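K.L.:
To start, I am sharing the structure in question, which I have written as structure tokens.
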Amino acid sequence: MKKYIIFGASKGLGDAFVKGLPKQGDQVWVVSRNRPSSLDLEDGVKRIWIQADLSQQEASSRIADAVAEDVIDVIIYNVGIWEQDGFEDDYNFDNDEPAEIARIIQVNITSTITCIQSLLPNIRKSEAGKIIFIGSTAGLDHTNNSQVSFVASKFGLRGITNALREHVRQDQIAVTCINPGELAAEIPYEEGAEKALSAYDSTRIPVQDILSLVTCVIGLSKAACVKEINIPAMQDTNA
């Protein structure tokens, strides 16, 4: 039996993690602002919703209070917001509002640090704890993305990963950052990878591919640590 906590779990890749990772008998805390449909599944997995808005500073304490003293085996931090129109052709950094920039940094960076910090006592109780961050190829070196705040936050996530890994090395907790390219996240997990490939003519990565990577990382022994995985879409020239 494993106990997971999955952030950003109401839709897209996070929803796929909640539906596809746990097995019968496992337990998952599902962290999201809106009620996820996965709570209605009857598959032998215990799912507990923690309603939290990561743009608010008190979110980390709210989440820690909900988990209380329980063990966590796997933390999956799948959180990321970006600029309004950030991936549109007419996006211009000059037009970003300071409040929007501050919100991106709060959600993508500050909440990451505070939420993970608050859950360290729980994952230290695991026999082979895993912390997995979902980054982005936009946060890698030498990409052509111009969304300054989003790119900075995803580049910073890699720094969080590296520093946290050293902090918990003595606890034998493995810390990994997975950097996907463009995902077919709009295609629901239950509709399958082939539907995602067909819908985007194989130009976007099915969420099932990322699920396979995460499953592999979780299945490794506590003697191993995967530091970082970069997985761009085959046709993504920016990565």
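K.L.:
Where residues in the stretch 14-52 are farther than 17 Å from Val67 by Cβ and charged (D, E, K, R), which of them is nearest to the chain's Cα centre (by Cα)?
P.N.:
For the stretch 14-52, the residue satisfying everything is Asp15.
K.L.:
Among the helices (runs of 4 or more DSSP H) contained in the stretch 115-222, which hold 1 or more residues that are in contact with a helix residue (DSSP H, G or I) (Cβ under 8 Å, 6 or more places away or on another chain), of a type outside the set (Asp, Glu) and more than 30 Å from Gln57 (Cβ to Cβ)?
P.N.:
Per the criteria, 193-199, 207-219.
K.L.:
Let me ask something else. Does Ile105 meet the test of being closer than 22 Å to Val214 by Cβ, of a type in the set (A, V, I, L, M, F, W, C) and in a helix (DSSP H, G or I)?
P.N.:
Judged against the criteria, Ile105 is not a match.
K.L.:
Please pick out the residue among Arg35, Arg47 that is under 23 Å from Gly192 (Cα atoms), among the basic types (Lys, Arg) and modelled with pLDDT of 95 or more.
P.N.:
One residue alone meets the criteria, Arg47.
K.L.:
Taking the stretch 201-239 as the region of interest, how many residues are more than 20 Å from Lys130 (Cβ to Cβ), of a type outside the set (D, E, K, R) and surrounded by 14 or more Cβ atoms within 10 Å (Cβ to Cβ)?
P.N.:
Start the filter on the stretch 201-239 by keeping residues that are more than 20 Å from Lys130 (Cβ to Cβ), which leaves 201-206, 232-239.
Now drop any that are not of a type outside the set (D, E, K, R), which leaves 202-203, 205-206, 232-235, 237-239.
The next check asks that each one be surrounded by 14 or more Cβ atoms within 10 Å (Cβ to Cβ); those that pass are 202-203, 205-206, 232-233, 238-239.
Residues in the stretch 201-239 being more than 20 Å from Lys130 (Cβ to Cβ), of a type outside the set (D, E, K, R) and surrounded by 14 or more Cβ atoms within 10 Å (Cβ to Cβ): 8 in total.
K.L.:
Let me ask something else. Where in the stretch 2-65 are there strands (runs of 3 or more DSSP E), lying fully within it, with 2 or more residues that are surrounded by fewer than 18 Cβ atoms within 10 Å (Cβ to Cβ)?
P.N.:
46-51
K.L.:
Within the stretch 195-239, can you find the residues that are acidic (Asp, Glu), more than 20 Å from Gln172 (Cβ to Cβ) and modelled with pLDDT of 95 or more?
P.N.:
Asp209, the sole residue that qualifies.
K.L.:
Would you please list the contacts, defined by Cβ atoms under 6 Å and residues six or more apart or on different chains, that run from a residue in the stretch 139-166 that is free of Cβ contacts under 8 Å to residues at least 24 places away in the same chain to a residue that is in a helix (DSSP H, G or I) and crowded, with 20+ Cβ neighbours inside 10 Å?
P.N.:
Filtered contacts from the stretch 139-166: Val151/Ala138; Phe155/Gly139.
The values are calculated or read from the model by the stated rules, or taken from the named source; none is laboratory data. All of these numbers come straight from a predicted model, not from anything done at the bench. Reconstructed Cβ throughout: ideal geometry from the backbone, glycine too, with neighbour counts over all protein chains shown.
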